[in-house]
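The values are calculated or read from the model by the stated rules, or taken from the named source; none is laboratory data. Note that this is a predicted model, so its numbers are computed, not measured. Backbone-built Cβ (ideal geometry, glycine too); neighbour counts: all protein chains shown. Just the protein is used for accessible areas: all its heavy atoms, side chains included, with ligands, DNA and RNA removed. Shrake-Rupley method; radii C 1.70, N 1.55, O 1.52, S 1.80 Å.
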Amino acid sequence: MKDIFLWVIFPYITVTIMIFGLLYRFAYRQLTWAAPSTEFFEKKWLRIGSPLFHWGIVFAFIGHIMGMVIPQGFYLSLGITDELYHFGAIYGGGIAGLMVVVGLIILFIRKIVIDPVRIHATFADFFTLIALIIVAGMGAYMTLVYNTTVSEYEYRTTIGPWFRSLFIFQPKYELMASVPTLFKVHILAAFALFASVPFTRLVHFYSIPVNYPSRAPQQYRARAQYHK
């Protein structure tokens, strides 16, 4: 019963909360959908932490799609061996994970030490950063440390099929029984984070800012300079 709750009921509950929360916020609180910029409070740390985090998230997302959504057999059909795949996953995923974690830590320190940023921050802002650091930190640790010093775990034969089975409403929860505890905690924390999205600034992720990487940064200038 415990496994059914953790790997069937809980994921569906969190995703349901996320979907209906997003619909409610879009319908009744559209003005709060965007994540207001704090660049006019402080620029130096933001220009380092924000790109690291956002680019890292993009690469990490692509990596999760490649590992969780695309079946292992697809890579084998292309001649990509398990050794080659894991080599790319460890180094590529490790770099992406470190980018996310370092970027988040910079943004978290900035939010604490820069007075104007801290004053305007909400509980949800701190919760989001801490939750992301925990989830991303575990992911980076699993990729760079666990897979290289403990065991190179083949998640494509357990977590991947389980994850895909959720989409066809035929959850194969039994596949998660042999998954290492650290991987389980990482997955559960990620689903819990999904449920929090509609109530935090992470909601702007669903705006799909496809032009974000190439757009010019917003410029903020002091009002006084126009009166010189």
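I need the P(r) histogram for segment 1-125: all alpha carbon pairs, bin width 10 Å from 0 out to the longest distance, whole percents.
Answer for segment 1-125: a P(r) of 11, 24, 30, 25, 9, 1 percent.
Tell me, what is the FRET efficiency for THR81 and LYS184 to the nearest 0.05, using R0 = 25 angstrom and their Cβ-Cβ distance as r? Intermediate results must be reported in sequence, preceding the final value.
Details: r = 27 Å, r/R0 = 1.09.
After rounding to 0.05, the efficiency reads 0.35.
With every protein chain left in place, what is the accessible area per residue of segment 61-107 in square angstrom, probe 1.4 Å? Write out the running numbers ahead of the final one.
Numbers: 2580 Å² over 47 residues.
Using a 1.4 Å probe on heavy atoms only, each residue of segment 61-107 averages 55 Å².
Run the quick spin-label model on ALA124 and HIS54: label points 7 Å from Cα toward the beta carbon, then report their separation in nm to one decimal.
Spacing of the two 7 Å Cα→Cβ label points: 2.0 nm.
Which of the helices in the chain meet the span-like rule: DSSP H, Cα axial reach of 20 Å or more, Kyte-Doolittle mean at least 0.5? Before the final figure, lay out the partial values.
Working: long enough: 10-28 (27 Å, 1.35); 44-64 (30 Å, 0.73); 82-113 (45 Å, 1.45); 123-141 (27 Å, 1.92); 181-196 (23 Å, 1.69).
Membrane-span-like by this criterion, though nothing is claimed about a membrane: 10-28, 44-64, 82-113, 123-141, 181-196.
Which residue, SER165, SER37, SER196, tops the fluctuation ranking in a GNM of the chain built on C-alpha contacts under 10 Å?
The residue that fluctuates most here is SER37.
How large is the dipole of the chain about the Cα centre if only Lys and Arg carry +1 and Asp and Glu carry -1, each at its Cβ, rounded to the nearest 20 debye? Mind showing how you got there, number by number?
Details: 18 positive and 10 negative charges, 235 e Å.
Computed about the Cα centre, the dipole is about 1120 debye.
Assuming R0 = 25 Å, what is the FRET efficiency of TYR28 and PHE167, from their Cβ-Cβ distance, to the nearest 0.05?
Working: r = 29 Å, r/R0 = 1.14.
Efficiency, from the Cβ-Cβ distance: 0.30.
Say the dipole of the chain comes from +1 at the beta carbon of Lys and Arg and -1 at that of Asp and Glu; which of ILE4, TYR173, PRO198 then lies farthest toward its positive end?
So the residue we want is PRO198.
How large a share of the accessible area of the chain, in percent, is made up of carbon and sulfur atoms when the probe is 1.4 Å and the other protein chains stay in place? Let's see the in-between values first.
Numbers: 9900 of 13850 Å².
Exposed carbon and sulfur together represent 71 percent of the surface.
Could you tell me how many cubic angstrom of Cα convex hull volume the chain has per residue? Mind showing how you got there, number by number?
Numbers: hull volume 35.9 nm³, N = 228.
Per residue, the Cα convex hull of the chain comes to 157 Å³.
Tell me, what is the percent relative contact order of the chain, built from C-alpha pairs under 8 Å that lie six or more residues apart? Walk me through the numbers on the way to the answer.
Numbers: 191 pairs, mean separation 75.8, N = 228.
Rounded, it is 33 percent for the chain.
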